[in-house]
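Contents: one structure, followed by commentary.
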Amino acid sequence: MEFRTIVHFPRPAFELMPCERILFVGSCFADSMGRRFQEEKFRAVVNPSGVMYNPVSILHTVEKMEKHVFDTAVFTLGTNHVYVERTTGEIVDNCRKRPQRLFEERELTVEECTGALHESVLLLRKNNPGIKVILTVSPIRYAKYGYHGSRLSKAVLLLAADRLVKELGETAYYFPAYEIVNDELRDYRFYKPDMLHPSDQTVDYIWERLVEACFSAEAKVFLEAWRPVKAALGHRPFHPGAEAYRDFLEKTKEAARTLKKKYPDMELNL
């Protein structure tokens, strides 16, 4: 007897390799996933200009990063709501605590969302024509819009993501984080106490599904090799000055240095 529905989805036409250069831009869900990639020794840059919830703000971040080279870009879409400065007509990324009367809130259309994301990809392609793109829609609901309004906002983002993947072809992939949380997990025990943000357990589960779908065999081998070293480096001893712990730490560092010899792109700060 099945007590939940599993979200099934295809693998992308590309694979993620160990220690890739990855740019994460988007909502706070991008922060959560990006930090996990950093912990697993990918050369990940996560929201370098702060959290960006809408596609135009994502474009603004990419414009600042266009001189950098990335192997993969991950865009996590949070909302289609934007704030426009009344005097300039420009969409702002942060109101910087200025009075609300200076801004007008509006909603981006599917076409506007797709256009901003497509432009972001074109900018990143200048330094790497073969850059891979992963799109996700954040599963976090926005209570301030009302739950019906939040779903309408997500619907626009889902349509934009689908359209962009069709435009870009095999270099782009939609990963269904939104559907996994809302259609597979479907229970408040998978949320933090605010009942809006996914719990750490949920983020771990989404990570596992992402690894299963997008990681190359070599990347999975690397994760297994890094796992015991990561655990050992994170160990907190009762007696840090003890000789036994110093020996343990030196052996752990040597294991890390050995792994780096095999994976030269691995960032290692010991």
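The values are calculated or read from the model by the stated rules, or taken from the named source; none is laboratory data. In this text, all values refer to a predicted model and were calculated from it rather than measured experimentally. Virtual Cβ from ideal backbone geometry, glycine too; neighbours counted across all protein chains shown. Keep in mind that these areas ignore ligands, DNA and RNA; they rest on the heavy atoms of the full protein, side chains included. Shrake-Rupley method; radii C 1.70, N 1.55, O 1.52, S 1.80 Å.
For D265, no residue has an amide H sitting under 5 Å from its own, ignoring neighbours fewer than 5 places away on the same chain, with H placed 1.01 Å from N. Counting 0.36 nm for each residue step from L223 to A242 and taking away their Cα separation leaves a gain of 3.8 nm. The angle between the Cα long axis of helix 217-233 and the main principal axis of the chain comes to about 70°, on a 0 to 90 degree scale.
Gyration tensor analysis over the Cα atoms of the range 64-111 returns equivalent ellipsoid semi-axes of 26, 15, 10 Å (largest first, whole Å). Largest GNM mean-square fluctuation across E63, E218, E243, computed for the chain with C-alpha springs under 10 Å, falls on E243.
Dividing the alpha-carbon radius of gyration of the chain by the rule-of-thumb value 2.2 N^0.38 Å gives 1.10. The value obtained for the range 1-155, namely the Cα convex hull volume divided by the number of residues, is 153 Å³ per residue. Angle between the Cα long axis of helix 110-125 and the longest principal axis of the chain, 0 to 90 degrees, nearest 10? It is inclined by approximately 40 degrees. Percent of alpha carbon pairs in the range 141-270 separated by more than 25 Å? Summing the P(r) tail past 25 Å for the range 141-270 gives 52 percent. Counting only alpha carbon atoms, the long axis of helix 243-262 and the longest principal axis of the chain meet at about 60°.
Under the simplified labelling scheme, the L268-E2 pair shows an inter-label distance of 4.5 nm, with each label point 7 Å from Cα along Cα→Cβ. Cα gyration tensor of the range 198-270, axes a ≥ b ≥ c as square roots of the eigenvalues: rounded (a/c below 1.5), prolate (a/b > b/c) or oblate? The shape class here is oblate.
A crude spin-label estimate for the pair L233 and F9, with each label 7 Å from Cα along the Cβ direction, gives 2.9 nm. Can you tell me what percent of all Cα-Cα pairs in the range 119-206 are more than 21 Å apart? Of all Cα-Cα distances in the range 119-206, 42 percent exceed 21 Å. The charge dipole of the range 43-123, taken about the Cα centre with unit charges on the Cβ atoms of Lys, Arg (+1) and Asp, Glu (-1), comes to about 460 debye, rounded to the nearest 20.
By DSSP, the beta bridges lying fully in the chain are antiparallel in about 30 percent of cases.
Probing with 1.4 Å while keeping every protein chain in the model, the per residue accessible area of the chain equals 53 Å². For the options M33, M195, M65, a Gaussian network treatment of the chain with springs between C-alpha atoms closer than 10 Å singles out M195 as fluctuating the most.
In a simple Cβ point-charge model (Lys, Arg +1; Asp, Glu -1; nothing else charged), the chain has a dipole of about 620 debye relative to its Cα centre.
Beyond 26 Å in Cα-Cα separation lie the following of the pairs K144/K192; K126/K166; K220/K261; K67/K253; K132/K154: K67/K253.
Farthest toward the dipole's positive end in the range 168-270, which of L268, I206, Y173, given Cβ charges of +1 (Lys, Arg) and -1 (Asp, Glu) about the Cα centre? Looking along the dipole axis, the top candidate is L268. Here the accessible area of the chain is 53 percent carbon and sulfur, with a 1.4 angstrom probe and all protein chains present.
Under a Gaussian network description of the chain, with springs only between Cα atoms under 10 Å, the residue in C28, C113, C95 that fluctuates furthest is C95.
Legend: Rg and Dmax of the range 166-218, from Cα coordinates, 13.5, 39 Å.
Given R0 = 30 Å, the distance between the Cβ atoms of E208 and Y147 translates into a calculated FRET efficiency of 0.60. The candidates R43, R35, arranged from most to least accessible area with a 1.4 Å probe in the full protein assembly, appear as R35, R43.
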